[in-house]
1. Assign unit charges at the C-beta atoms only (+1 for Lys and Arg, -1 for Asp and Glu), then state the dipole size of region 58-200 relative to its Cα centre in Debye, rounded to the nearest 20.
2. Can you list, largest first and rounded to whole Å, the semi-axes you get for region 99-199 by taking the square root of 5 times each eigenvalue of its Cα gyration tensor?
3. Quick one: order Asp176, Asp191 from most to least accessible surface, probe 1.4 Å.
4. Of all beta bridges DSSP finds with both residues in region 1-160, what is the antiparallel percent, to the nearest 5?
5. Give the accessible area for Glu75 in Å² (nearest 10); use a 1.4 Å probe, count only protein heavy atoms, and leave out ligands, DNA and RNA.
6. Would you compute, from DSSP H runs of 4+ residues alone, the mean residue ellipticity of the chain at 222 nm, taking -39500 (n - 2.57) per run and dividing by the full residue count, rounded to the nearest 500?
7. Share of the chain's accessible area from carbon and sulfur, percent, 1.4 Å?
8. Between Pro10, Ser78, Tyr104, whose Cα lies farthest towards the positive end of the dipole of the chain when Lys and Arg beta carbons carry +1 and Asp and Glu beta carbons carry -1, centred on the Cα centre?
Amino acid sequence: MASRAARDFPNLTVLSHPLIQHKLTILRDKQTSTRDFKQLVNEIAMLMAYEVTSQVAGKKLTLVPILRAGLGMVEGISQLIPSARVGHIGLYRNHDTLQPVDYYFKIPSGEADRAFFLLDPMLATGGSAVAAVSALVRAGAPVQRIRFLCLVCAPEGVKAMLDAHPKVPVYTASLDRELNSKGYILPGLGDAGDRLFGTR
Ligand code: PRP
Ligand code: URA
């Protein structure tokens, strides 16, 4: 998949470190418990942030999880970078239209001088990620300092980000095959929010 990513998606970096890939394999297993799922999401997020921060010059960092599932990535990265501040963007997908519905936005002040890691385990149609980047930019975040970190992405979502926000790099542990008719990533992780928080 790395060659496909490079050819089709100049905005995409697949982080193929063996530890990340090993943990992702366990995450994909439907039998993995909520407790282990939560721990693994945090561990993968930490390893991804370790790699991404080695590629970018240091500005003060703000982590911005997209609620709910992005919350699962915050603790792991905060352990690595305790000085990082945290903003929140509340979005959910309408189940019928798959369009994002926004319900919350709060980021720390001083946005013009900060770098942003926008966090969401899943990049599916891309509607949520595109809307979240637009909201950050409207609030004053410099678009060239926004990076999107996800665990799994679909080609459709990466393309949507490339079309809407070509300057925003997307980092992922896996470029998966496709979306199903309900907008779920295949093979994917299932519903990441439900698996993280034990809802369903
Ligand atoms: C999931 C996921 C992303 C979004 C991805 O959230 O965490 O935010 O869907 O899909 P998209 O790329 O097609 O927009 P969901 O809407 O299920 O909300 P939740 O985290 O509150 O459960
Ligand atoms: N949201 C999820 O949680 N999983 C998907 O596969 C797509 C969107």
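1. Rounded to the nearest 20 debye, it is 380 debye.
2. The answer is 24, 15, 12 Å, longest axis first.
3. Ranked list, largest accessible area first: Asp191, Asp176.
4. Of those bridges, close to 30 percent are antiparallel.
5. 100 Å²
6. Result for the chain: -11500 deg cm²/dmol, rounded to the nearest 500.
7. 52 percent
8. Ranked along the dipole, the leading option is Ser78.
The values are calculated or read from the model by the stated rules, or taken from the named source; none is laboratory data. Everything numeric here is computed off the predicted structure, so don't read it as measured data. Quick reminder, even Gly has a Cβ in these numbers, built from the backbone with ideal geometry, and neighbours come from all protein chains shown. Accessible surface areas use protein heavy atoms only, side chains included; no ligands, DNA or RNA. Shrake-Rupley method; radii C 1.70, N 1.55, O 1.52, S 1.80 Å.
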